[in-house]
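The structure appears below as structure tokens.
The values are calculated or read from the model by the stated rules, or taken from the named source; none is laboratory data. Bear in mind that the values here come from a model prediction, so they are computed numbers and not experimental data. In this analysis, Cβ positions are derived from the backbone assuming ideal geometry, glycine residues included, and neighbour counts consider all displayed protein chains. Heavy atoms of the whole protein, side chains included, go into the accessibility calculation; ligands, DNA and RNA do not. Shrake-Rupley method; radii C 1.70, N 1.55, O 1.52, S 1.80 Å.
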Amino acid sequence: MGAGAEPVAASRTVVQLRPVASALPMGFLGLAGGTFVLAGMQVHWISAEQSHPVAFVLLAFVFPLQSLASVFGFLCRDVAVATGMAVLSGTWLALGLITLTGPPGARSGAAGLLLLLAAVALWVPVTAGGSGRLLVAAVIAVASVRFAATGVRVLI
């Protein structure tokens, strides 16, 4: 180096990861809320005339929680959780809208088919989760069975 020459600084790349918490508690609370309220109407703990308030619970509580859980699942790079929560959130959104716009107590063939589709789709994250996520797989599998049973009941 000659006189007055600046030394060349070595370039360095720094990668910082944003810490993100697990999305499972939020997603599972949304699932529990939706299942509990909808099942309450189906077993007549509340009357069919309460279907519009039930729809609002699905739209204002369940859908947002599970949508956020899906987003955070993707941010955590947990494709099984993200996919499961995305399928659940979309299902609850559609059920909420069908329940809100339909007459109280009415059955919907579209809702029945959607529930059967969701039941099958939920097996993707169950099988993709791996053997280390047995509790997560069990909860999503039970949701799948519940959706299948309700879908069959709606269609029959």
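Take every Cα pair under 8 Å whose residues are at least 6 apart in sequence, average their separation, divide by the length of the chain, and the relative contact order is 21 percent. Please identify, among 13, 101, 35, the residue showing maximal mean-square fluctuation in a Gaussian network model of the chain using a 10 angstrom Cα cutoff. Of the options given, 13 has the highest mean-square fluctuation. To the nearest ten degrees, helix 79-101 and the longest principal axis of the Cα atoms of the chain are 40 degrees apart. Peptide packing for 45-57, 78-90, 113-125 was compared via the average number of neighbouring C-beta atoms within 10 Å per residue; ordered from the highest value, the list is 78-90, 113-125, 45-57. Just how large is the dipole of the chain about the Cα centre, in debye to the nearest 20, putting +1 at every Lys and Arg Cβ and -1 at every Asp and Glu Cβ? The calculation lands at about 200 debye. For the range 32-80, the solvent-accessible area of protein heavy atoms averages 56 Å² per residue (probe radius 1.4 Å; ligands and nucleic acids excluded). For the chain, with the dipole built from +1 on Lys and Arg beta-carbon atoms and -1 on Asp and Glu ones, taken about the Cα centre, which of 72, 114, 141 lies farthest toward the positive end? Projecting each Cα onto the dipole axis, the largest value belongs to 141. A straight line joining the Cα centroids of the range 116-156 and the range 6-78 runs 17 Å.
Per residue, the range 99-156 exposes 55 Å² of solvent-accessible protein surface, assessed with a 1.4 angstrom probe and all protein chains in place. With respect to the chain, whose longest principal axis is taken over its alpha-carbon atoms, helix 24-42 is tilted by about 10°.
Annotation: peptides 70-76, 15-21, 150-156, ranked by per-residue average of other Cβ atoms within 10 Å with the highest first, follow the order 70-76, 150-156, 15-21.
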